[in-house]
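Visitor: Dropping a structure here in structure tokens format, bear with me for questions.
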Amino acid sequence: MPYIRAHYHPFLFAFITVCAMAELGLTAFLISDGNENHSWPDARYHSLMILFEFNAVWTTVFGTAYMLWIVDGAVHVLASIASSIIWLVITSALWGAAAGMLHQMRLGGSCTDLSGYFDESLSCDPPQELSSLSKCRETLTVEALGWVEFGFCLLALLATCLWLRTSKRNYHSSFYV
């Protein structure tokens, strides 16, 4: 078990952090573009993009911090197994809720038929209609990355709990010291 203990966490946290950074860039672009062009399909979509942005910032900051603490071998309360489990539970709940709400809000899975996806009362010239397809695909990507984040967080949580169960170490100790 020492090999698993010493090696799986940095990779899981790296995957979580990199995926959150991709989500951060995409949602920042969508929020900026929606604010600049006033092209929000509805207020709920705008709020969900802000929630995804918050989740991405939250995950990027704390995922990076945990990776640095793991590499550094930090021995303090924020680098403990208990804080990692609490953070993973909260982060999993945030990503699961956001991805689930976006999945329920979307009107369909395919971007080939955009009827009902955006407000038809808005007058659109051809370039804007083409950008609707792009926005649909970007929204699908936001949702997909949200589900991936949710899965990675659950996997890291499960791995940590299994390691705790098989480990004979005190839970107050650091991960890798």
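Every number here is computed from the coordinates shown, using simple stated rules; none is lab data. These numbers come from a predicted model, not from an experiment. Glycine gets a Cβ as well: all are built from the backbone with ideal geometry, and neighbour counts include every protein chain shown.
Visitor: Using the basic label-point model (7 angstrom from Cα toward the beta carbon), what is the A159 to L68 distance in nanometres?
Guide: Once both label points are built, they end up 2.1 nm from each other.
Visitor: Provide the net charge surrounding T59, with neighbours chosen by a C-beta distance below 15 Å and charges set as Lys +1, Arg +1, Asp -1, Glu -1. Write out the running numbers ahead of the final one.
Guide: Details: positive: none; negative: E23, E53, E149.
Net local charge, T59 excluded: -3.
Visitor: P(r) tail for region 17-95, what percent of Cα pairs lie past 15 Å? The partial results should precede the final answer.
Guide: On the way: 1873 of 3081 pairs.
Of all Cα-Cα pairs in region 17-95, 61 percent lie more than 15 Å apart.
Visitor: Hey, another quick one. Please give me the summed charge of the neighbours of Q104: other residues whose Cβ is under 13 Å from its Cβ, Lys and Arg +1, Asp and Glu -1. Could the numbers behind the result be given before it?
Guide: Values: positive: R44, R106; negative: E143.
With Lys, Arg at +1 and Asp, Glu at -1, the net is +1.
Visitor: Net charge within 15 Å of L94 by Cβ-Cβ distance, Lys/Arg positive one each and Asp/Glu negative one each, not counting L94 itself?
Guide: On the way: positive: none; negative: E23, E53, E143, E149.
Its environment carries a net charge of -4.
Visitor: Okay, moving on. If I stretch the segment between V89 and A14 completely, what's the gain in nm (0.36 nm per residue apart, minus their alpha carbon distance), one decimal?
Guide: On the way: separation 75, 0.36 × 75 = 27.00 nm, distance 1.73 nm.
In short, 25.3 nm is gained.
Visitor: Need the full-extension length gain, A82 to F54, defined as separation in residues times 0.36 nm minus the C-alpha distance. One decimal, nm. Don't skip to the end; give the middle numbers.
Guide: Details: separation 28, 0.36 × 28 = 10.08 nm, distance 2.31 nm.
Difference between extended and current length: 7.8 nm.
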